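Enquirer: Sharing a structure below in structure tokens format, with a few things to ask.
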Amino acid sequence: MSYSVSQNTTFLTVAAVLQRAISFVYFIFIARAIGVENTGVYFFAIAFTTIFTVVADFGLGPVLTREAARFDTNSSAYLNTVLGTKLIFGVISYGVLIICANLLGYDALTKSMIYLSGITMFFDNIHATFYGILRAKKNLLFEGAGLIGSQFLTAIIGGVALYLGAPLYWLILAYTIPAGVNAIYAGFMARRILGAPVIPKIDFGLLQKFLVMAWPFAIAGLITRLYSYSDSIIMSKLLSPTELGYWSVPFKITFAFQFIPAALTASVYPAMSSFFITDRARVGELFVKATRYLFAVVFPLAFGLSAVAYPTLTTIYGAQYAPSVLVLRILLLSLIFGYVGFVTGATLNATDRQKTQTGLLLAALTVSVISNLILIPIWGIVGAAISAVIGNGFLAIAGTILVAKKIILPYAELWKYLWRTFIPAVIMGVIAYLSIVKISFMIVIPLVAIIYGILLFVFGAVDRDLLKRLFAKIC
């Protein structure tokens with residue numbers, strides 16, 4: 001059974017939004033219940049393990065999906081070979097994780113949390129393989145269901161553990177158990193859709209071919225993960241678990257909003273790839289259109305949330321997280337550059353400049369690590385937040401310059417839409433900041449959202465024709 005592109009996009013988008021929502025609420029309960037220091041240990045164990053998922057996958061996931069989609073009759077052989085290989089790579093990755101955790105000298109509690117999180121990584125790698133073959137079959141319904149079900153089960157197990165005052169490692173087991181269940185479920189669904197046995201059996205000739213295709217994905221994935229989490233590793237050695245706990249809350253908040261540019265770039269990437277062959281001028285137009293939409297979203301997020309950051313964060317997470325407020329405000333500034341970086345990255349990949357994008361990510365990683373090593377010893381988590389602005393700013397600006405060397409960018413249009421969304425967002429932020437002193441943030445947030453919408457009309461960022469087109473697409 002296969003579905004259309006629009007149906008599959010809907011399945012995965014709805015699932016991703018629900019999964020992020022459940023995860024976000026779940027983390028709030030964790031942060032309030034276990035305290036700042038334990039939250040820091042919990043957050044770091046997951047962040048540290050996330051880096052090693054690239055080793056376990058080694059880029060074979062996207063290769064499996066692509067090749068199985070191209071050569072449908074070989075799907076079963078492809079799956080069995082990749083599954084067998086990833087089982088071995090998963091064990092190797094887990095061993096490397098244990099070695100690194102011990103070499104870095106973490107305490108017993110942190111290491112035990114990392115070890116458990118590593119088992120979760122192993123199961124995640126397996127169910128990702130099964131979902132990869134289902135993607136090749138144009139069936140994302142089961143993946144969406146697995147995504148929501150797994151997160152819901154995590155919330156239930158974790159919620160019970162918090163209620164009973166269970167040891168901290170149960171919050172990791174709350175991910176490990178659903179990951180194992182999800183792997184079994186995904187394997188069953190893959191067998192059902194393929195109509196053939198799923199047996200880990202490596203065809204070494206096929207594996208050699210796949211590894212040649214996979215290594216660029218592996219390198220790009222590793223650089224991306226290191227760019228996202230290298231600051232956490234540096235902080236784990238230079239700062240205390242309590243400071244990592246303060247960092248975890250603003251990081252989680254800003255990370256939650258990254259699905260917006262990810263979803264948008266996923267939809268424009270195929271069109272950009274096609275236009276690059278047939279009509280390059282339209283690639284620039286699509287770049288402007290994507291950036292326009294992201295400006296309209298990220299500016300109010302950055303300025304609006306910054307304005308109400310203190311009462312919102314301390315009310316939701318507790319007064320103990322007050323030191324996280326400044327970090328949140330700085331990371332929200334970084335989010336603006338991060339949104340632009342999503343578009344420039346997608347554009348470079350769509351215009352056959354994958355190596356350039358990988359090189360750019362490597363340069364951004366270098367800039368980020370150097371700035372973190374300089375600023376974290378001086379300003380702690382605030383220094384890490386400033387480094388995030390520097391890294392994302394470099395990625396966005398350098399990415400835009402590199403994009404402009406390949407396609408014609410209408411800079412006048414870009415600046416026009418930037419100011420037409422930036423000024424309303426600043427006005428909205430000022431109103432929110434002045435209002436939050438006397439009015440609850442629960443009233444201020446929807447109120448300034450309405451004001452921002454009106455200002456978009458006033459400044460010409462949105463008009464009736466645009467609304468009609470959006471409404472027509474939704475309907």
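Enquirer: Take the range 440-459 and flag every residue that is hydrophobic (A, V, I, L, M, F, W, C) and either touching a residue at least 12 places away in the same chain (Cβ under 8 Å) or surrounded by 15 or more Cβ atoms within 10 Å (Cβ to Cβ) (or both).
Expert: Result: 441, 444, 445, 447, 448, 449, 451, 455, 456, 458, 459.
Enquirer: Among the residues that make up the range 308-321, is at least one of them at pLDDT below 85 and either surrounded by fewer than 23 Cβ atoms within 10 Å (Cβ to Cβ) or not in a helix (DSSP H, G or I) (or both)?
Expert: No, the range 308-321 contains no residue that is at pLDDT below 85 and either surrounded by fewer than 23 Cβ atoms within 10 Å (Cβ to Cβ) or not in a helix (DSSP H, G or I) (or both).
Enquirer: Residues of the range 239-277 being modelled with pLDDT under 90 and in a loop (DSSP other than H, G, I, E, B), which ones?
Expert: 257, 258 - these are the residues of the range 239-277 that are modelled with pLDDT under 90 and in a loop (DSSP other than H, G, I, E, B).
Enquirer: Go over the candidates 45, 21, 16 one by one and state the one that is of a type in the set (Gly, Ala, Ser) and modelled with pLDDT under 80.
Expert: Only one candidate qualifies: 16.
Enquirer: Take the residues in the range 437-471 that are touching a Pro at 6+ places or on another chain (Cβ under 9 Å), closer than 20 Å to residue 295 by Cβ and not in a helix (DSSP H, G or I); name whichever of them is modelled with the highest pLDDT.
Expert: Restricting to residues being touching a Pro at 6+ places or on another chain (Cβ under 9 Å), closer than 20 Å to residue 295 by Cβ and not in a helix (DSSP H, G or I), the top hit is 459.
Residues are listed down the side, and each one gets a yes or a no for (1) surrounded by fewer than 22 Cβ atoms within 10 Å (Cβ to Cβ); (2) touching a residue at least 40 places away in the same chain (Cβ under 8 Å); (3) in the same structural domain as residue 114 (by TED's automatic domain parsing):
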residue	(1), (2), (3)
245	no, yes, no
248	no, yes, no
253	no, yes, no
261	no, yes, no
269	yes, yes, no
273	yes, yes, no
276	yes, yes, no
289	yes, no, no
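Conditions (1) modelled with pLDDT of 85 or more; (2) under 23 Å from residue 35 (Cα atoms); (3) not hydroxyl-bearing (Ser, Thr, Tyr), marked per residue:
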residue	(1), (2), (3)
134	no, no, yes
137	no, no, yes
143	no, no, yes
154	yes, yes, no
161	yes, yes, yes
169	yes, yes, no
181	yes, no, yes
193	no, no, yes
205	yes, no, yes
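Enquirer: Inside the range 61-166, counting only helices (runs of 4 or more DSSP H) that do not spill past its ends, which hold 3 or more residues that are under 22 Å from the mean Cα position of the chain (by Cα) and over 23 Å from residue 234 (Cα atoms)?
Expert: Here the list reads 108-136, 141-164.
Enquirer: Which of the residues that make up the range 390-425 are of a type in the set (Val, Ile, Thr) and farther than 19 Å from residue 293 by Cβ?
Expert: Matches in the range 390-425: 390, 397, 401, 408.
Enquirer: Could you say which residue among 144, 165, 195, 205 is touching a helix residue (DSSP H, G or I) at 6+ places or on another chain (Cβ under 8 Å) and surrounded by fewer than 22 Cβ atoms within 10 Å (Cβ to Cβ)?
Expert: On the way: 165 fails: touching a helix residue (DSSP H, G or I) at 6+ places or on another chain (Cβ under 8 Å); 195 fails: touching a helix residue (DSSP H, G or I) at 6+ places or on another chain (Cβ under 8 Å); 205 fails: touching a helix residue (DSSP H, G or I) at 6+ places or on another chain (Cβ under 8 Å).
Among 144, 165, 195, 205, only 144 is touching a helix residue (DSSP H, G or I) at 6+ places or on another chain (Cβ under 8 Å) and surrounded by fewer than 22 Cβ atoms within 10 Å (Cβ to Cβ).
Enquirer: Report whether or not residue 342 is in a helix (DSSP H, G or I) and either out of contact with any helix residue (DSSP H, G or I) (no Cβ under 7 Å at 6 or more places or on another chain) or surrounded by 22 or more Cβ atoms within 10 Å (Cβ to Cβ) (or both).
Expert: Details: in a helix (DSSP H, G or I): yes; either out of contact with any helix residue (DSSP H, G or I) (no Cβ under 7 Å at 6 or more places or on another chain) or surrounded by 22 or more Cβ atoms within 10 Å (Cβ to Cβ) (or both): yes.
Here the answer is yes, as residue 342 does meet what is asked.
Enquirer: Just a yes or no: is a residue in the range 92-101 among the polar types (S, T, N, Q), out of contact with any Leu (no Cβ under 6 Å at 6 or more places or on another chain) and within 20 Å of residue 192 (Cβ to Cβ)?
Expert: no
Enquirer: Still on this structure, I have one more. Would you mind finding the one in 384, 346, 404, 396 that is within 15 Å of residue 220 (Cα to Cα) and in the same structural domain as residue 422 (by TED's automatic domain parsing)?
Expert: Numbers: 384 fails: within 15 Å of residue 220 (Cα to Cα); 404 fails: within 15 Å of residue 220 (Cα to Cα); 396 fails: within 15 Å of residue 220 (Cα to Cα).
Going through 384, 346, 404, 396 in turn, the sole match is 346.
Enquirer: I'm trying to understand the selection: among the residues of the range 188-215, which are touching a residue at least 60 places away in the same chain (Cβ under 8 Å) and under 17 Å from residue 144 (Cβ atoms)?
Expert: Those that are touching a residue at least 60 places away in the same chain (Cβ under 8 Å) and under 17 Å from residue 144 (Cβ atoms): 190, 193.
The values are calculated or read from the model by the stated rules, or taken from the named source; none is laboratory data. Fair warning: this is a prediction, and the values are worked out from it, not measured in the lab. In this analysis, Cβ positions are derived from the backbone assuming ideal geometry, glycine residues included, and neighbour counts consider all displayed protein chains.
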